[in-house]
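The structure appears below as structure tokens.
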Amino acid sequence: MITTIPKQFNVAGPCNPAWHYMIDPARRLAQAETSIRRGDYFVIHAARQSGKTTYLQDIVRRLNAQGDFYALYCSLEAVQNVADPKEGIPAILDCFKNDLAYSSFPNADSFGKEDSLYTSALQRALANYCRWLDKPLVILFDEADCLADNTLISFLRQIRAGYVGRNTGTP
């Protein structure tokens, strides 16, 4: 038997509006969706436990429901402190593959099959996967600030290179 639990304040992770008191995430950062529709990339920086993850998960849900994009939430927390990009970039790709596997996106199993140097593996895998899609891919990376040293630099450079080449199909 399932009983109804009264709502409570949450400080342990993402909020669920059925279980937790919360401010509507869409009201807090309405400009993010405008940025996404313009094809921009952006950073959300705020204090711990301020609702960033809840917001990112909410915008992914809303974008997928609207149907104009494939939107995917991807946490990079598992790659924390992996400083060497030869290990870090494949670990990021693995995080992405894992989240993609639970999506309903077409050809999810084709992601990351190519052999690439770690210096371009993320950018190439994303560009190649986007070729399979009939609408733009939006990726909301969470916990990117936990990436360390050269893994962070390689990640940011590959994301930036993809952004510069976004007219060729990169998310």
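The values are calculated or read from the model by the stated rules, or taken from the named source; none is laboratory data. Everything numeric here is computed off the predicted structure, so don't read it as measured data. Reconstructed Cβ throughout: ideal geometry from the backbone, glycine too, with neighbour counts over all protein chains shown. Just so you know, the surface numbers come from the protein's heavy atoms only, side chains and all, with ligands and any DNA or RNA stripped out. Shrake-Rupley method; radii C 1.70, N 1.55, O 1.52, S 1.80 Å.
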*Looking at 116, 110, 120, 104, which one is more than 30 Å from residue 49 (Cβ to Cβ), within 17 Å of the chain's Cα centre (by Cα) and surrounded by fewer than 19 Cβ atoms within 10 Å (Cβ to Cβ)?*
104
*For the range 20-101, which helices (runs of 4 or more DSSP H) that fit wholly inside it have 2 or more residues that are farther than 22 Å from residue 163 by Cβ and modelled with pLDDT of 90 or more?*
52-66, 85-101
*May I ask you to list the residues in the range 69-89 that are surrounded by fewer than 19 Cβ atoms within 10 Å (Cβ to Cβ) and either more than 21 Å from residue 52 (Cβ to Cβ) or touching a His at 6+ places or on another chain (Cβ under 7 Å) (or both)?*
83, 84, 86, 87
*Among the listed residues 133, 137, which satisfies the condition of being surrounded by 16 or more Cβ atoms within 10 Å (Cβ to Cβ) and touching a residue at least 12 places away in the same chain (Cβ under 8 Å)?*
137
*Could you please find all residues in the range 140-158 being touching a strand residue (DSSP E or B) at 6+ places or on another chain (Cβ under 8 Å) and open to solvent by 40 Å² or more (accessible area, probe 1.4 Å)?*
141, 143
*Do we find that residue 10 is touching a His at 6+ places or on another chain (Cβ under 6 Å) and modelled with pLDDT under 85 in this structure?*
yes
